[in-house]
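Right, one structure below, let's go through it.
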Amino acid sequence: MPQNTPIASTAARAGTWQDPPRDRLRLSYDARFLRRKRLTTDSGAQVVVDLPETTNLQNGDALVLEDGGKIEVVAAPEPLLAVRGDNLARLAWHIGNRHTPCQIGPDRLLIQRDHVLAEMLQGLGASLEEIEAPFIPEGGAYGTGRTMGHGHGHGQSHGHGHGHGHGHGHGHGAAGKAGGAHEHAHHHLSSSDFDEGA
């Protein structure tokens, strides 16, 4: 690693810092969940992020460099589905029941593109529009700031931070057939799950 590559080893939450940022870093929702990685800022400069633990960076947070300079974190536009319908609360319930991150607006819900969820939502009467926009979903209910999804038959498993080492079943209503209970495999996160290279 070149000697002059700045290192950010702490983060400051939005609203807790005021100095003008030295630079900005545009990151997708998934990319804002990090611990250690080399990134390129808006100006083209390299920065090494080396945080003490995996951190959920939010829009408006800052990475703090060793010399005290700050790089503002900005939510980057990414491929999303805008979900609209007559009963947004019902649609939001079905999205949340699948542990899927969701941004809630007055007249629409935003989720990351997923063909399985798209089919389910259309089956519930939702209208969908593919858009590109910053994704700033609601935080988790337990103070973690992240809602981690479970795999639901679309060939992907998603890690999440429950503090237990066993599977659990829970109902998914009509979408899950006859009571809807089924098991979820859990992959608990470790530092090896993230890009540790600088």
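Only the coordinates and a few stated rules stand behind these numbers; no lab work does. In this text, all values refer to a predicted model and were calculated from it rather than measured experimentally. Here the Cβ positions follow ideal geometry from the backbone for every residue, glycine too, while neighbour counts run over all protein chains shown.
Some points to look at:
- Overall form of region 13-120 per C-alpha gyration tensor (a/c, 1.5; a/b vs b/c): prolate
- Label-point gap, in nm, between residue 5 and residue 38 - each point 7 angstrom along Cα→Cβ: 0.3 nm
- Centre separation in Å (Cα based) which lies between region 9-65 and region 71-132: 26 Å
- Mean silhouette area of region 62-145, derived from the convex hull of its C-alpha atoms and averaged over all directions, reads 6.8 nm².
- Close amide H partners of residue 133, meaning residues 5 or more places away or on another chain with modelled amide H under 5 Å apart, are 78, 80.
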